[in-house]
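Peer 1: Sharing a structure here in structure tokens format.
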There are 2 protein chains.
Amino acid sequence: MPLHLIRKLESFTRLSVLDRQALESITVEKQRRLGAREDIICEGDRPSHINLILDGWACRYKQLEDGRRQIISFFLPGDLCDSHVYVLQAMDHSIGTLTPVTFAEMSRESLIQITNRQPRIMQALWWDTLVSASIQREWTVNLGQRSATERVGHLLCELFVRLRTVGLTEGDGCLLPVTQADLADAMGLSTVHINRTLQELRGAGLIVLKGRHLTVPDLKALQVASLFNPNYLHLDHVGRHLDAGAVAES
Amino acid sequence: MPLHLIRKLESFTRLSVLDRQALESITVEKQRRLGAREDIICEGDRPSHINLILDGWACRYKQLEDGRRQIISFFLPGDLCDSHVYVLQAMDHSIGTLTPVTFAEMSRESLIQITNRQPRIMQALWWDTLVSASIQREWTVNLGQRSATERVGHLLCELFVRLRTVGLTEGDGCLLPVTQADLADAMGLSTVHINRTLQELRGAGLIVLKGRHLTVPDLKALQVASLFNPNYLHLDHVGRHLDAGAVAES
DNA sequence: CGTCTCGTTGACAATGATCAATTCATGTGG
DNA sequence: CCACATGAATTGATCATTGTCAACGAGACG
């Protein structure tokens, strides 16, 4: 399995062979596998590991006392669950799987070791952390300002671009392995309205969504309709100028 | 002026006299003052400084092409605007004042110097960064799941507790120097509805809000009504166990 | 074949938005 | 001190988006 994390970090900077080997060594450390709808970490836990999603989709979520659930963010293959929470005492939210998930548990120590030895990895992981924060801010805008149609369209744009970054799209299509109820909990809408919103997007020819497969025939059009500006994903290869001794590779 | 930042960090860990002096030296470095409704940093800028709010309120915000504005977070005295953005190429959002604001511009270099010399400050700033991220997540929950009344109540709880942490409350009261339009842009509601929501909270005896002064006669009651759980602010003095050679001070 | 989850549909209710005044507070210039 | 301008808060009336409830259909699986 190609490491999606490497693919993602290389959209920021170029990694040397050593960098890649270091990152690959992480995934061997300790792999775990969970089924769909299981918790990786629960609110109140004190996490001891940093988790890297290797395969499948997971999410951060919070449950209110009366049962309402908000999905706070999606974790796709290549995403790190929490790089630095160990400073805090306890998780203020939970992390759970949406599909069956394979992930690697990295100890804090080995991560520190690797980043100390490979400063470029440190910088790339910093970039990843900052982009995650930026995505969280964009979600605030999405929930606060956009209509249901714009909101769902925006989410689909974001997921499609993020999946493309880790090499999980094929042409204009990708898998979208979550239920409409999950999308509803993420977008703060009811499942019924998610359903109607998806139909609207279908009707406008902006998406094709059947089973678990999404096609975006005209990404630009969907972006315009959803007021999606990809700048917040910071995929502009900023770090490439740091490129020093890296071998040019395909 | 007492340094609100110090007050805040001490709700996480205990600082030595040296730590405090180091932090105070920051504020001398370069102070700037802006009026209300001015931009500190604009979307697209490449920020060169880290800004510390000394006095007044500011906010992160994003403006959509069609004019809609979302306030993404509030900056209160003692808040750091952006500790680490220098990894990214350009700001994906703007930071602007809501009231007249005094802030200190810290160079990246002097911050690095200080945190290298005073590891406890480094850890405390880490804590601050992580709490900011946690607040952003809670806003996602707030906008996604809570009704208008709960949402506004929740925001007022958060602001009250944060202000109390930096010593800007007096008993059960504090200043709330923003307009209802600002609150509307932050909560994703119309100004008219913010107005009616505030009246509802007033009518329920949960808040007294007159002019720019807010009183919360029964914080616990407001918390319950708003489903506010303060755990996400991580004010539980986790770092106190790190306390080693710090002198006991009043 | 029955059960389960997920997606879909219709009818209706409710929350919050929009529009348009009006009041209130504050500050300014004459 | 008053007339006036300005921005903010408030109100009423109406509209629209989205939620709720309930039912049904389709596919997956033991």
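Peer 1: Under a Cβ-only charge scheme (Lys and Arg +1, Asp and Glu -1), can you give me the dipole magnitude of the stretch A:1-137 about the Cα centre, in debye to the nearest 20?
Peer 2: About 320 debye.
Peer 1: Accessible area per residue for chain A in Å², computed with a 1.4 Å probe and the full protein assembly in place, what is it?
Peer 2: 41 Å²
Peer 1: In whole Hz and in residue order, list the ³J(HN,Hα) couplings for the stretch B:36-47 that follow from phi through the Karplus curve 6.51 cos²θ - 1.76 cosθ + 1.60, θ = phi - 60°; x for Gly and Pro.
Peer 2: 6, 6, 10, 8, 8, 9, 9, 3, x, 5, 10, x
Peer 1: For residue B:110, what is the net charge nearby, where nearby means another residue's Cβ is under 13 Å from its Cβ and Lys, Arg count +1, Asp, Glu -1?
Peer 2: Result for the neighbourhood of residue B:110: -1.
Peer 1: Assign one of three labels to the protein assembly as shown, namely rounded, prolate or oblate, based on the Cα gyration tensor with a ≥ b ≥ c the square roots of its eigenvalues; rounded applies when a/c is under 1.5, prolate when it is not and a/b is larger than b/c, and oblate otherwise.
Peer 2: In terms of gyration-tensor shape, oblate.
Peer 1: Mean Kyte-Doolittle hydropathy of 0.0 or higher plus an axial Cα length of 24 Å or more: which whole DSSP H helices in chain A meet both?
Peer 2: A:148-165
Peer 1: Also, quick follow-up: In Å and from the alpha-carbon atoms only, list the Rg and Dmax of the stretch B:101-149.
Peer 2: Calculated on Cα positions, Rg and Dmax stand at 16.0, 47 Å.
Peer 1: Residue separation times 0.36 nm, minus the C-alpha to C-alpha distance between residue A:212 and residue A:66: what's the value?
Peer 2: Result: 49.5 nm gained on full extension.
Peer 1: Using a cut-off of 28 Å between alpha-carbon atoms, which lysines can reach residue B:220, once sequence neighbours fewer than 8 places away in the same chain are excluded?
Peer 2: A:62, B:8, B:210
Peer 1: Here's another thing I want to ask about it. At a probe radius of 1.4 Å, figure out the B/A buried accessible area, summed over both chains, and give it in Å² to the nearest 100.
Peer 2: It comes to approximately 4100 Å² buried between B and A.
Peer 1: Quick check on the stretch B:115-250: what are the equivalent-ellipsoid semi-axes from the Cα gyration tensor, as sqrt(5λ), descending, whole Å?
Peer 2: Semi-axes (√(5λ), whole Å): 32, 17, 13.
Peer 1: Another question about this same structure. In the protein assembly as shown, carbon and sulfur make up what percent of the accessible area (probe 1.4 Å)?
Peer 2: Ligands and nucleic acids excluded, carbon and sulfur reach 51 percent.
Peer 1: Continuing with this model, one more query. Mind telling me which of A:185, A:55, A:66 comes out most flexible in a GNM of chain A, alpha-carbon contacts under 10 Å?
Peer 2: Evaluated over chain A, the most mobile residue of the options is A:66.
Peer 1: With label points built 7 Å along Cα→Cβ from the Cα atoms of residue A:7 and residue B:122, find their separation and express it in nm.
Peer 2: 3.5 nm
Peer 1: Between residue B:24 and residue B:190, what is the label-point separation in nm under the 7 Å Cα-to-beta-carbon projection?
Peer 2: 5.2 nm
Peer 1: The stretch B:139-187: which residues show an accessible-area loss of 10 Å² or more, assembly versus chain alone, 1.4 Å probe?
Peer 2: SASA drop of 10 Å² or more in the stretch B:139-187: B:140, B:141, B:143, B:144, B:145, B:146, B:150.
Peer 1: Going by the alpha-carbon gyration tensor, a ≥ b ≥ c the square roots of its eigenvalues, is the stretch A:12-102 rounded (a/c under 1.5) or, if a/c is not under 1.5, prolate (a/b greater than b/c) versus oblate?
Peer 2: It is prolate, given that a/c is not under 1.5 and a/b is the larger ratio.
Peer 1: Quick one: among A:102, A:179, A:165, which has the greatest mean-square fluctuation in a GNM of chain A with alpha-carbon springs under 10 angstrom?
Peer 2: Among A:102, A:179, A:165, the largest mean-square fluctuation in the Gaussian network model of chain A belongs to A:179.
Peer 1: Under 10 °C and 1.306 mPa s, how fast does chain A diffuse according to Stokes-Einstein, given a Kirkwood radius computed over C-alpha pairs? Answer in µm²/s, whole number.
Peer 2: Roughly 84 µm²/s, to the nearest whole number.
Peer 1: Right, here's the next one. Considering every residue in B:129-135, what mean count of other chain Cβ atoms within 10 Å of its Cβ is obtained?
Peer 2: Average neighbour count from other chains, rounded to a whole number: 4.
Peer 1: Copy-to-copy spacing for residue B:7, label 7 Å out on the Cα-to-C-beta vector, in nm, shortest first?
Peer 2: 5.0
Peer 1: If you add up the charges near residue B:231, with Lys and Arg at +1 and Asp and Glu at -1, over every other residue whose beta carbon is less than 11 angstrom from its beta carbon, what do you get?
Peer 2: -3
Peer 1: Per residue of chain A, what 222 nm ellipticity follows from adding -39500 (n - 2.57) for every DSSP H run with n ≥ 4, rounded to the nearest 500?
Peer 2: Value at 222 nm, helices only, nearest 500: -13000 deg cm²/dmol.
Peer 1: Here's another thing I want to ask about it. Rank A:60, B:164 by accessible area, highest first, at a 1.4 Å probe radius?
Peer 2: B:164, A:60
The values are calculated or read from the model by the stated rules, or taken from the named source; none is laboratory data. These numbers come from a predicted model, not from an experiment. Note that each Cβ is placed from the backbone with ideal geometry, even for glycine, and that neighbours are counted across all protein chains shown. When the accessible area is computed, the model is the full protein with side chains, heavy atoms only, and any ligands, DNA or RNA have been set aside. Shrake-Rupley method; radii C 1.70, N 1.55, O 1.52, S 1.80 Å.
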